[in-house]
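Below is one structure, written out as structure tokens, with a few remarks after it.
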Amino acid sequence: MMPHIVLIDDCFPINTRNRKILSSLAEHYGKNATLSVITWDRNDDYKEKLEGYYVYKKASEYGNKTRKLLNLWGYRQFCHTTINSLQPDVVIASHWNNLMMVPRLDRRRQMLIYENLDVPTESYVLRKTTTALEHWHMRRVDLTIHASRFFTKLYSPQIRQLILENKPAFPVPPPQEYATHQPLRVAFIGLLRYRDISKVLIDAIRDDSRFQLYFHGDGHAKQYLEECAAGASNIFFTGRYAYEDVAKLYQQTDVVWAAYPNKDFNVVYAISNKFHESLSFGIPTVYADKTCLGDFVVENHIGMAVDPYSEDAVKGLLEHIVSHQDDLRKMAQDMRTFGQRQTTWKEDFSKVTQAIDRFFT
């Protein structure tokens, strides 16, 4: 079968993970499959027409939740109209809010997949409300794909679910012997958005000649963080990078910083892309404590955990790192051994296409 598959992602450009999903679908089904994308251009970024894209254009700046909420009904109507017009075989709703954008489908011939990127978060009352809405709409779902192994504990085992973590799709380079630089290079690699905890890291490492801190990436917090780091001789911002350069960025780093705000309910259960990337390259990485991932890496000696809101805690960890570099080298070795036992993105994704194929047989 060569199905028509529609993926809904309410941001443009769509995220890297969803581009990987589309590429993997195209690889499995070949050129005869029809792949379409419904998305929301919220910042006037859609300039050049893309084949298979259906774009709702309505200004709604990122971070302005009120503006997005006011425009949500129009986006919902756009999704309904487009899906009813296309009549696809498979609809993939990426994120719980897009699950609510899907119209009633013909359950006998149309498959609905829920791609669970992040669990509902926010304040307790709002989280409980959105979780209830999410679970209500999941009654129509034929398959749930979790982006984190830790999400499964939040859902009934009776639902049909798979785990598809965001493992690197690029070939993993041959392992290199881990060796530290002097000064030690600490790097954040990714979207710059967590102002408070990134400032804690900046304050903890500022002008400590034993370390160099690099922020590789762009994002709405970049200017703020640059102002926080103004005058520091050992903190550098390298800007946006191509995904193909991720390997190079890891290989020139001694410790990757991936400690996200653990006061966020989703962060407690999510699994960072940095986890799989760090395993691929064997670079010790720091995560937030009091999270499932933080507990997991410490238990298996494949990472470190810290309170990202505490400057004293961050300084204490940095002191431990610089004083126990033999442990860093042992951790890098343990990470490579652990990583060699993991399945690949392609192996995990094959379970998704098998589920789709079974639905239509």
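Between residues in the range 339-354 that are closer than 21 Å to PHE296 by Cβ and residues that are in a helix (DSSP H, G or I), which pairs lie under 6 Å by C-beta distance while being six or more apart or on different chains?
If the second residue must be in a helix (DSSP H, G or I), the pairs left are GLY339/LEU279.
Looking at the range 205-226, which of its residues are open to solvent by 10 Å² or more (accessible area, probe 1.4 Å) and either assigned to a helix (DSSP H, G or I) or among the aliphatic types (A, V, I, L, M) (or both)?
Those that are open to solvent by 10 Å² or more (accessible area, probe 1.4 Å) and either assigned to a helix (DSSP H, G or I) or among the aliphatic types (A, V, I, L, M) (or both): LYS222, GLN223, TYR224, GLU226.
Counting residues that are in contact with a Leu (Cβ under 6 Å, 6 or more places away or on another chain) and not β-branched (Val, Ile, Thr), which strands (runs of 3 or more DSSP E) fully inside the range 1-90 reach at least 1?
34-41
Condition first: of a type in the set (S, T, N, Q) and buried (at least 19 other Cβ atoms within 10 Å of the Cβ). Now tell me which residues in the range 1-58 satisfy that.
Listed by number, the residues that qualify are ASN18, SER24, SER36, THR39.
Tell me, which residue of the range 162-199 that is of a type in the set (Phe, Trp, Tyr), buried (at least 17 other Cβ atoms within 10 Å of the Cβ) and part of a loop (DSSP other than H, G, I, E, B) is farthest from the chain's Cα centre (by Cα)?
TYR178
Within the range 254-261, is there a residue that is of a type outside the set (Gly, Ala, Ser), open to solvent by 10 Å² or more (accessible area, probe 1.4 Å) and assigned to a helix (DSSP H, G or I)?
Looking for residues that are of a type outside the set (Gly, Ala, Ser), open to solvent by 10 Å² or more (accessible area, probe 1.4 Å) and assigned to a helix (DSSP H, G or I), one finds none in the range 254-261, hence no.
What number goes with the only condition from (1) within 25 Å of the chain's Cα centre (by Cα); (2) touching a residue at least 40 places away in the same chain (Cβ under 8 Å) that LEU86 does not pass?
With respect to (1) within 25 Å of the chain's Cα centre (by Cα); (2) touching a residue at least 40 places away in the same chain (Cβ under 8 Å), LEU86 is out only on (1).
Determine the pairs where a residue that is without any contact (Cβ under 8 Å) to a residue 60 or more places away in the chain and on the phi > 0 side of the Ramachandran plot, located within the range 253-274, has a partner that is of a type in the set (Asp, Glu) and part of a helix (DSSP H, G or I) with Cβ atoms under 6 Å apart, the partner being 6 or more residues away or on another chain.
Hits for this filter: zero, empty list.
The values are calculated or read from the model by the stated rules, or taken from the named source; none is laboratory data. For clarity, every value in this text was computed on a predicted model and none was experimentally measured. Glycine also receives a Cβ, built like all others from the backbone with ideal geometry; neighbour counts cover every protein chain displayed. Surface areas here come from the heavy atoms of the whole protein model, side chains and all, with no ligands, DNA or RNA. Shrake-Rupley method; radii C 1.70, N 1.55, O 1.52, S 1.80 Å.
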